[in-house]
Amino acid sequence: MLLPALLLTSAGLLQGEAEKKPGPWPPSHKDELHFSFLPGLRVGGWWMGTFETVSPAGARKIDSTLFFDAGLDLRLEYGGWTLTATGDYGVAEDVTVAAGGALFGKCWQLGDSPHFIQLSAGPIFGRLNVTPSGFGDFKSAAGVEARLSTTVAVHDHIELQLWADYRHLKFDYDEPVLSGDKDAGGAMFAVGAGFLMRF
């Protein structure tokens, strides 16, 4: 009688430990195909190169600029594939730049960990404004954006993010040019951090 009782007790303890043992985190992100909605906020720096030209009104110049960048993302995710509506607003002393676009990408979970990597790309549209009067205007621009980001889930519904962007937008100078640059922007880069909420 003693041996069967001990075996039953041991089996019960092992079953209890198995029930307590956590599975892959979070299992729904890895093992099931389902839609997720992830709004997110980002902050960082947005770099643009120098613009220097001469128009009939005189010399015009924008020094190489690092904007403070604030961004908003609205992402849909299904089975690791993502579609994101994204917008950014950059502010420097006398210059602002606004952009929005759509990014299509893929998200990978690193094993069973709460770490994810995402790569995405798509079209981007933007506008560059210079505040001093008489500087001249720039036309709106269309281009491409590519983003690499890494996130870590700190809660079932919250993920912290590090991101880096390549943005190519050429803003044509909307004034006669005697010499120098005819457009601003071109290849631009942005990096920063943010968070996402998963629903």
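Brief remarks on what is shown
- Segment 25-197, relative contact order in percent, only Cα pairs under 8 angstrom and at least six apart counted: 23 percent
- Annotation for Leu119 and Leu74: the two label points, set 7 Å from Cα along the Cα-Cβ direction, are 2.8 nm apart.
- Residues with amide H under 5 Å from that of Ile62, placed H, sequence gap 5 or more: Phe51, Glu52
- 25 °C / 0.890 mPa s Stokes-Einstein diffusion coefficient of segment 25-197, Kirkwood radius on C-alpha pairs, µm²/s: 142 µm²/s
- Pairs of Lys residues in segment 25-197 that lie 8 or more places apart, or on two chains, and have C-alpha atoms under 12 angstrom apart add up to 4.
- The distance between label points at Leu41 and Ser179 comes to 4.9 nm (points 7 Å beyond Cα on the Cα→Cβ vector).
- For segment 93-143, relative contact order (Cα pairs under 8 Å, six or more residues apart, normalised by length) works out to 38 percent.
Rule-based calculations on the coordinates, nothing more; no lab input. Note that this is a predicted model, so its numbers are computed, not measured. Cβ atoms come from the backbone with ideal geometry, glycine included; neighbour counts cover every protein chain shown.
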